[in-house]
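What follows is one structure encoded as structure tokens, with my remarks underneath.
The values are calculated or read from the model by the stated rules, or taken from the named source; none is laboratory data. Source: prediction; values computed, not measured. Don't worry about glycine lacking a Cβ; one is built from the backbone with ideal geometry, like all the others, and counts go over all protein chains shown. Keep in mind that these areas ignore ligands, DNA and RNA; they rest on the heavy atoms of the full protein, side chains included. Shrake-Rupley method; radii C 1.70, N 1.55, O 1.52, S 1.80 Å.
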Amino acid sequence: MLNDAHKLYAIEIYLQCFQQTFENNALLELFCHLVDEPCFDQLRTKEQLGYIVASGARRSRGVQGFRVIVQSSHDLEHVNKRIELFIDSIRVG
């Protein structure tokens with residue numbers, strides 16, 4: 001039975017960074033640590049895109065990257081744009 005009143009969608013944006021090495025792992029973990037709170041604050045608290053907003057490292061088959069996950073009732077195209085704008089806002093010149 002489908003409940004149209006509570007439709008939820010999920011999106012994961014994954015940006016692959018580099019091969020897994022001790023140094024690369026440490027750099028990615030540091031980056032994720034610095035970005036986690038601003039990501040949650042912007043996308044969950046300020047924009048209220050969804051109840052679940054998470055960011056962090058994702059590792060698979062020797063490569064790794066940064067990911068942002070949002071579960072939302074908002075249109076996924078809108079959520080994707082907001083995530084991309086957040087990512088653009090944290091890039092270093």
ask   = Just for the stretch 17-41: of the residues that are loosely packed, with under 12 Cβ neighbours inside 10 Å and outside any helix (DSSP H, G or I), which one is nearest to the chain's Cα centre (by Cα)?
value = GLN19
Residue list for the stretch 50-59, filter: open to solvent by less than 70 Å² (accessible area, probe 1.4 Å) and either among the aromatic types (Phe, Trp, Tyr) or at pLDDT below 95 (or both) = GLY50
request  = List every residue pair whose Cβ atoms lie under 7 Å apart, where the two residues are 6 or more positions apart in sequence or sit on different chains, the first residue falls within the stretch 47-61 and is within 17 Å of PHE86 (Cβ to Cβ), and the second residue, located anywhere, is among the β-branched types (Val, Ile, Thr) and not in a strand (DSSP E or B).
outcome  = LEU49/VAL79; SER55/VAL35
inquiry  = With the requirement that a residue be open to solvent by 20 Å² or more (accessible area, probe 1.4 Å), more than 19 Å from ASP41 (Cβ to Cβ) and not small (Gly, Ala, Ser), what does the stretch 60-77 give you?
reply    = ARG61, VAL63, ASP75, LEU76, GLU77
